[in-house]
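The values are calculated or read from the model by the stated rules, or taken from the named source; none is laboratory data. Please read all numbers here as calculations on a predicted model, not as lab measurements. Here the Cβ positions follow ideal geometry from the backbone for every residue, glycine too, while neighbour counts run over all protein chains shown. Heavy atoms of the whole protein, side chains included, go into the accessibility calculation; ligands, DNA and RNA do not. Shrake-Rupley method; radii C 1.70, N 1.55, O 1.52, S 1.80 Å.
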Amino acid sequence: MASPQHETRQPVPTWDEVDALRRQVVELQRVSSLGVLAGGICHELNNALTPVLNYAKLGLRNPDPDFRRRAFEKILDGAERAAAITGGVLGLARPRADRRGAADLVRLVEEVLLLVGKDLSKHRVRVDIRSEGRPHAKVNPAQIQQVLLNLIINARQAMPEGGTVKVRIGTDTAGRLAEVSIADTGLGIAPAVLRRIFEPFFTTKIGPDETGLGGTGLGLSVCREIVESHKGRLRAESHPGEGTTFTLRLPACAAPIEKKGAA
Ligand code: ADP
């Protein structure tokens, strides 16, 4: 019989240690989502910079003022697109304090689609986005974008033969909840699996896939944690063989009043 002094006991972590680990999991999960997109993002950035370079060269060679004005406009378009892409990546990658403010959900979705667009088209996935009005919610934008990014990457991975991601943005009938739903036309989820998808480390993905990543099973548990920390709800419903819809509901708030004359 083993005497008590020979038992090796694991030290019990403190609440602060558990909390620090949870925050690290959220951070790591976000970096891993960005990793899936890295190649596509570089490609998009390159596409945005190509007209900048070409029109700058043409403008230098051509002294015609009209031609140069048009060249400047093209350069500005390309540079603005490149800035939007890098801004999106930085917004997601940079760890920031939990600062919340009224955010335009349509804009958050559009920024995420800008990052994920190349990855979707490469996998023959079409995006159909519709919104009713411009619902706002008081959120940490980077965290909600992390949730949206995850749901969209999962949707793409559920459609190995391609398909459609439908994104709908609106409010419930009472106008109290802002809603974003992300529906795919993928494989769907069997009821026994559906019951477990929000469990940490639950995954059905046996990797690595072509991006070198397998499933971690952390995506949806982190998403739900983020959404619930915003007093929202994240639900899934699925029809095996037809597709899956994730619905994110957040308490709605008023749009901020725009300051006149602000830059
Ligand atoms: P991971 O993507 O690393 O497996 P998640 O927590 O994001 O981890 O997802 C857990 C599981 O939920 C996935 O392995 C998959 O079985 C299922 N799942 C998530 N989203 C979808 C979807 N849109 N369609 C089908 N299955 C899904």
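Here is a yes/no grid of residues against (1) small (Gly, Ala, Ser); (2) within 16 Å of the ligand (Cβ to nearest atom):
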{"position": "ALA102", "(1), (2)": "yes, no"}
{"position": "VAL106", "(1), (2)": "no, no"}
{"position": "LEU114", "(1), (2)": "no, no"}
{"position": "LYS118", "(1), (2)": "no, no"}
{"position": "SER121", "(1), (2)": "yes, no"}
{"position": "GLU132", "(1), (2)": "no, no"}
{"position": "ASN140", "(1), (2)": "no, no"}
{"position": "ARG156", "(1), (2)": "no, yes"}
Q: Return the residue satisfying two criteria in turn: it lies in the stretch 169-197 and is over 22 Å from ARG130 (Cβ atoms) and more than 7 Å from the ligand (Cβ to nearest atom), and of such residues it is most open to solvent (accessible area, probe 1.4 Å).
A: ARG195
Q: Could you tell me whether the stretch 160-168 includes any residue that is within 18 Å of GLY215 (Cβ to Cβ), open to solvent by 30 Å² or more (accessible area, probe 1.4 Å) and not charged (D, E, K, R)?
A: yes
Q.
Contact list please: Cβ distance under 6 Å, first residue in the stretch 151-172 and more than 20 Å from LEU250 (Cβ to Cβ) and in contact (Cβ under 8 Å) with a residue 60 or more places away in the chain, second residue among the charged types (D, E, K, R) and buried (at least 20 other Cβ atoms within 10 Å of the Cβ), pairs at least six apart or on different chains.
A. ALA158/ASP184
Q) Taking the stretch 25-59 on its own, how many of its residues are among the hydroxyl-bearing types (Ser, Thr, Tyr) and over 17 Å from VAL112 (Cβ atoms)? A) 2
Q) In the stretch 231-251, which residues are outside any loop (DSSP other than H, G, I, E, B), more than 25 Å from ALA137 (Cβ to Cβ) and either more than 8 Å from the ligand (Cβ to nearest atom) or of a type in the set (A, V, I, L, M) (or both)? A) HIS239
Q: Determine whether LYS205 is among the basic types (Lys, Arg), at negative phi and in contact with a helix residue (DSSP H, G or I) (Cβ under 8 Å, 6 or more places away or on another chain).
A: yes
Q: Report, by residue number, each residue of the stretch 10-69 that is among the acidic types (Asp, Glu) and open to solvent by less than 40 Å² (accessible area, probe 1.4 Å).
A: GLU44
Q.
Suppose the filter is in contact with a helix residue (DSSP H, G or I) (Cβ under 7 Å, 6 or more places away or on another chain), more than 9 Å from the ligand (Cβ to nearest atom) and at pLDDT below 95; does THR211 pass it?
A. yes
Q: Would you check which residues across the stretch 142-154 are away from the ligand (no atom under 14 Å from the Cβ) and of a type in the set (A, V, I, L, M, F, W, C) and list them?
A: ALA142, ILE144
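Going by the conditions given, is VAL125 within 16 Å of the ligand (Cβ to nearest atom) and not hydroxyl-bearing (Ser, Thr, Tyr)?
On the way: within 16 Å of the ligand (Cβ to nearest atom): yes; not hydroxyl-bearing (Ser, Thr, Tyr): yes.
The answer is yes for VAL125.
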